[in-house]
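For reference, the structure discussed in these notes is given below.
The values are calculated or read from the model by the stated rules, or taken from the named source; none is laboratory data. Nothing here was measured: the structure is a model prediction, and the numbers come from that model. As a convention, Cβ positions derive from the backbone with ideal geometry for all residues, glycine included, and neighbour counts pool all protein chains shown. Areas reflect the complete protein model, heavy atoms only, side chains present, ligands, DNA and RNA absent. Shrake-Rupley method; radii C 1.70, N 1.55, O 1.52, S 1.80 Å.
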Amino acid sequence: MPRFASQARLRAIADWLTANHVDPGTVVQHGMIRVITQPDGEQLLRYDAYLLDRGHTRYGPVIEERTTPLLVPPPDTWPT
């Protein structure tokens, strides 16, 4: 992703994350987002997210890697 993404690009990424049941507000903006394929062919979405406390508030600057099943594949191209 470019260092300074356009609003259209950020909206498209947020929509895609939401379609995959990921809260875009928890994803680290300049963190890694990647699709991985398991040996059995299952595709997963792996991303960096802020660690949240029980009240769903960021737990300081702590980041964790999360994985969820890929429900909606990414588009072939993103807005620029």
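Return yes when A8 is surrounded by 10 or more Cβ atoms within 10 Å (Cβ to Cβ), assigned to a helix (DSSP H, G or I) and under 12 Å from the mean Cα position of the chain (by Cα) and no when it is not. Judged against the criteria, A8 is not a match. Screening P69 on (1) touching a residue at least 60 places away in the same chain (Cβ under 8 Å); (2) in contact with a strand residue (DSSP E or B) (Cβ under 9 Å, 6 or more places away or on another chain) shows it passes everything except condition (1). Does at least one position in the range 47-54 carry a residue that is open to solvent by 80 Å² or more (accessible area, probe 1.4 Å) and touching a helix residue (DSSP H, G or I) at 6+ places or on another chain (Cβ under 8 Å)? No, the range 47-54 contains no residue that is open to solvent by 80 Å² or more (accessible area, probe 1.4 Å) and touching a helix residue (DSSP H, G or I) at 6+ places or on another chain (Cβ under 8 Å).
Against the list (1) touching a residue at least 24 places away in the same chain (Cβ under 8 Å); (2) in a strand (DSSP E or B); (3) not aliphatic (A, V, I, L, M), the condition D48 fails is (1). Can you name every residue in the range 41-61 that is more than 16 Å from the chain's Cα centre (by Cα) and either closer than 23 Å to A12 by Cβ or not basic (K, R) (or both)? Result: G41, E42, D53, G55, H56, T57, Y59, G60, P61.
Each row is one residue, and each column tells you yes or no for (1) out of contact with any Phe, Trp or Tyr (no Cβ under 8 Å at 6 or more places or on another chain); (2) modelled with pLDDT under 95.
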position: I36; (1), (2): yes, no
position: R46; (1), (2): yes, no
position: L52; (1), (2): no, yes
position: H56; (1), (2): yes, yes
position: P74; (1), (2): no, yes
position: T80; (1), (2): yes, yes
